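Novice: One structure, pasted below without further comment.
The values are calculated or read from the model by the stated rules, or taken from the named source; none is laboratory data. In this text the structure is predicted, and so the values were computed from the model without any measurement. Note: ideal-geometry Cβ built from the backbone for every residue, glycine included; neighbour counts use all protein chains shown.
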């Protein structure tokens with residue numbers, strides 16, 4: 001499989017990982033398991049083991065379950081990679097909202113919380 005990918009998708013885990021995401025603590029990479037059986041169950045994914053998208057060797061982006069040679073995402077005819085990014089963004093927004101919702105100070109008003117943290121996140125785009 002290709003190395004140093006911007007994005008990694010692991011089909012069996014229903015996981016999408018953004019490798020270069022800055023966690024703010026000196027580490028990088030953030031992954032989410034996306035619970036969407038209708039998405040993952042598409043027939044076009046049936047022979048795909050993993051995807052490493054955005055590598056310097058695009059001919060090695062898609063790994064198949066059988067003996068089909070690795071190929072580029074475009075050659076695998078899987079559609080638009082933005083579909084994966086959009087799902088990651090939605091999961092990340094949910095995480096940001098969860099963190100905001102649970103970052104409370106006793107006795108703090110809504111206005112004080114917004115002053116301290118900023119407005120509750122309503123969108124996220126990679």
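Novice: So which of 104, 57 ends up being more than 17 Å from the chain's Cα centre (by Cα) and in contact (Cβ under 8 Å) with a residue 24 or more places away in the chain?
Specialist: On the way: 104 fails: in contact (Cβ under 8 Å) with a residue 24 or more places away in the chain.
Being more than 17 Å from the chain's Cα centre (by Cα) and in contact (Cβ under 8 Å) with a residue 24 or more places away in the chain holds for just one of 104, 57, which is 57.
Novice: Taking the condition of being closer than 23 Å to residue 70 by Cβ and assigned to a helix (DSSP H, G or I), how many residues in the range 31-51 meet it?
Specialist: Residues that pass the stated criteria total 5.
Novice: Still on this model: Quick check: anything in the range 14-30 part of a loop (DSSP other than H, G, I, E, B) and surrounded by 12 or more Cβ atoms within 10 Å (Cβ to Cβ)?
Specialist: Within the range 14-30, the subset part of a loop (DSSP other than H, G, I, E, B) is 14, 23-27.
In the following step, the residues that additionally are surrounded by 12 or more Cβ atoms within 10 Å (Cβ to Cβ) were identified as 14.
Within the range 14-30 (the criterion being part of a loop (DSSP other than H, G, I, E, B) and surrounded by 12 or more Cβ atoms within 10 Å (Cβ to Cβ)), the answer is yes, since at least one residue qualifies.
Novice: Could you figure out which of (1) modelled with pLDDT of 95 or more; (2) outside any loop (DSSP other than H, G, I, E, B) isn't true of residue 59?
Specialist: Going through (1) modelled with pLDDT of 95 or more; (2) outside any loop (DSSP other than H, G, I, E, B) one by one, residue 59 breaks only (1).
Novice: Would the range 81-97 turn up any residue that is assigned to a loop (DSSP other than H, G, I, E, B) and either modelled with pLDDT under 95 or exposed (fewer than 12 other Cβ atoms within 10 Å of the Cβ) (or both)?
Specialist: Just the residues of the range 81-97 that are assigned to a loop (DSSP other than H, G, I, E, B), to begin with: 81.
Among the residues that remain, those that are also either modelled with pLDDT under 95 or exposed (fewer than 12 other Cβ atoms within 10 Å of the Cβ) (or both) are: none.
There is no residue in the range 81-97 that is assigned to a loop (DSSP other than H, G, I, E, B) and either modelled with pLDDT under 95 or exposed (fewer than 12 other Cβ atoms within 10 Å of the Cβ) (or both).
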